[in-house]
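Everything on this sheet refers to the single structure shown next.
The values are calculated or read from the model by the stated rules, or taken from the named source; none is laboratory data. None of the values given here were measured: they were computed from a predicted structure. Positions of Cβ are backbone-derived with ideal geometry, glycine not excepted, and every protein chain shown enters the neighbour counts.
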Amino acid sequence: MTEQNGAHRTAAATGAARGGGTATEAGTATGAEAGTATGAGAEAGTSTGAEAGTATGTATEAGTHTAAGIGARTVPAAEGGPFRGGWADTRRAVPPLAGAPYAAKRRSALSERFPGERVVIPSGGLKARSNDFDYPFRPHSAFVHLTAELGTRAVPDSVLVFEPTGTGHAVTLFTRPRSPRDGGPRGTEFHSDRRYGEFWTGRRRTLAETSDELGVEAAGRDGLERALRGGVPTRVLRGVDARVDAAVPPRPRADAELETFLSESRLVKDVWETEQLRSAVEWTVAGFHDVAGELRHAARLARGERWIEGTFNRRARLGGYGLGFETIAAAGAHACVLHWTRNDGPVRDGDLLLLDAGVEADSFHTADVTRTLPVGGRFTDVQRRVYDLVHAAQSAGIAALRPGARFGDFHDAAMRVIAEGLDAWGLRPYGATAATAEADLYRRYTVCGSGHMLGLDCHDCAGARREAYGDGVLEPGHVLTVEPGLYFQPDDLTVPEELRGIGVRIEDDFLVTADGAECLSAGLPRGADEVEAWLAALR
């Protein structure tokens, strides 16, 4: 995906009036995640009804909830009847997650970097899509990097706290425990809370299971407020959890240094991360094969782009947690829109289809691959001319990937080929040499960079310093994309009419090795002849 150079919702559910509020979307509720209340927790060390702060609710969980019906966050609470008692013990022994030992090393590195200071890393929370429906939860990438949490297990509103000790840090994960069912301020969460109740959303881990899987001490979120007290110098990953931001006074310079460290610590991937990225790319390649086999059918539909999108998305859900970013299925002139995600147009025989997509693994690592395919199976002469130039530019960029090379070298190599080709077509009258100058970075026909780091974020490590990333040098373990493109807008009068509305991008994912770079997405054809042969074999 091309890189753009350029408050979590706090409405509460029953028993969780975040930020100290007392009203839910459907009426009054009890307890406050930012409050002080008392009650019995269903799991040792868990809920007191006041998860963090100084506010109280206006009704008990087993009490009244006004207007709590269809479309509300909560449903009327039972007066102790059908949900009290009679439940089996489902606690279980679980092994550590495969990524846990690697996450432990990352936590140690953070501890060494900030001795004597408390460090707070929130996961983030749910975001409303519409009324009482949320988007699928996706924790912040820094939180994932330090825990190796998986998509199928991640719990919203978790917070990782590094508490300084004499020899380093004690690390505790404050998270939401199992939904209690047997009384207390949160006693009916199981069935009455549409947002967090396990009757509605599925079983969560116990705190013990969380600790066993992730290799960190786990505690209920009701202890978070106490953990953030005291005069200990504290750094916070800001803008992720509004409750945490409000609880800890900002230290702008210190917090910015933390964010930079968290981003730069992800530049070089370890063995486990590399395995996750390989898996994400393999599933992405499979998704592209699925799409290639559906081109003819898509061409018969009024919204063929949607069929292409759905075809790839099905593979993403089958092989991973989902999509690393919204799928770009851009047919015809839509390919000239860098991030075309409306995907509401037709896919016509004779047009090109630009597909930019990536599967996000269960570990949240994502692939990012682009192919531009002739819908009818063969390029026209003009389409091939543009495609061949972009392919040559990508090949030049790939050849520049090696340890010790400047990160920008592959971009310059690709742009030099693009500029020479445009000059030969009479579209660069001022010459090819200027094409790589900084002042000419944003050109009329190719307005973005030629690649970016890849990992937990599609555009990974965006908070890194320029000297560590853009002006840095490549190292073994870096994973990045190479993705030059040409985009001739349909209304651009500076190009011949035959070129207008043609957009081509070719993107692959690479792992920098000790002696060069490995193409992780080599399972897909790149050259025009190879693409045509591939499509012909699928017909």
Original post:
Residue check, A148 against (1) surrounded by fewer than 23 Cβ atoms within 10 Å (Cβ to Cβ); (2) of a type outside the set (D, E, K, R); (3) under 26 Å from S111 (Cα atoms), all met but one. Which one?
Top reply: (1)
**OP:** Return the residue satisfying two criteria in turn: it lies in the stretch 182-193 and is buried (at least 22 other Cβ atoms within 10 Å of the Cβ) and among the charged types (D, E, K, R), and of such residues it is modelled with the lowest pLDDT.
**Re:** R186
**OP:** Check whether at least one residue in the stretch 110-121 is hydrophobic (A, V, I, L, M, F, W, C), outside any strand (DSSP E or B), under 20 Å from the mean Cα position of the chain (by Cα) and not assigned by TED's automatic domain parsing to the domain that holds M453, and report yes or no.
**Re:** no
**OP:** Only residues in the stretch 150-162 that are under 17 Å from R229 (Cα atoms) count as the first member; pair them with residues that are hydroxyl-bearing (S, T, Y) and crowded, with 21+ Cβ neighbours inside 10 Å, Cβ under 8 angstrom, at least 6 apart or cross-chain, and list the lot.
**Re:** V159/S123; V159/T175; L160/S123; L160/T147
Subject >> Odd one out for H339, checked against (1) over 19 Å from R296 (Cβ atoms); (2) surrounded by 24 or more Cβ atoms within 10 Å (Cβ to Cβ) >> reply: (2)
**OP:** Collect the residues in the stretch 78-112 that are more than 22 Å from E209 (Cβ to Cβ) and at pLDDT 95 or above, keeping them in residue-number order.
**Re:** K105, S108, A109, L110, S111, E112
**OP:** Determine which member of the set E294, E213 is in contact with a Pro (Cβ under 9 Å, 6 or more places away or on another chain) and either among the hydrophobic types (A, V, I, L, M, F, W, C) or farther than 17 Å from D157 by Cβ (or both).
**Re:** E213
**OP:** Please work out if E257 is of a type in the set (D, E) and not assigned by TED's automatic domain parsing to the domain that holds G116.
**Re:** no
Subject >> Residue that is surrounded by the fewest Cβ atoms within 10 Å (Cβ to Cβ), among those in the stretch 267-301 that are touching a helix residue (DSSP H, G or I) at 6+ places or on another chain (Cβ under 6 Å) and more than 30 Å from D344 (Cα to Cα) >> reply: D270
Original post:
modelled with pLDDT of 95 or more and of a type in the set (F, W, Y), is that true of Y469?
Top reply: yes
Subject >> Search result, residues across the stretch 493-531 that are modelled with pLDDT of 95 or more, over 20 Å from S395 (Cα atoms) and in a loop (DSSP other than H, G, I, E, B) >> reply: P496, R500, G501, I502
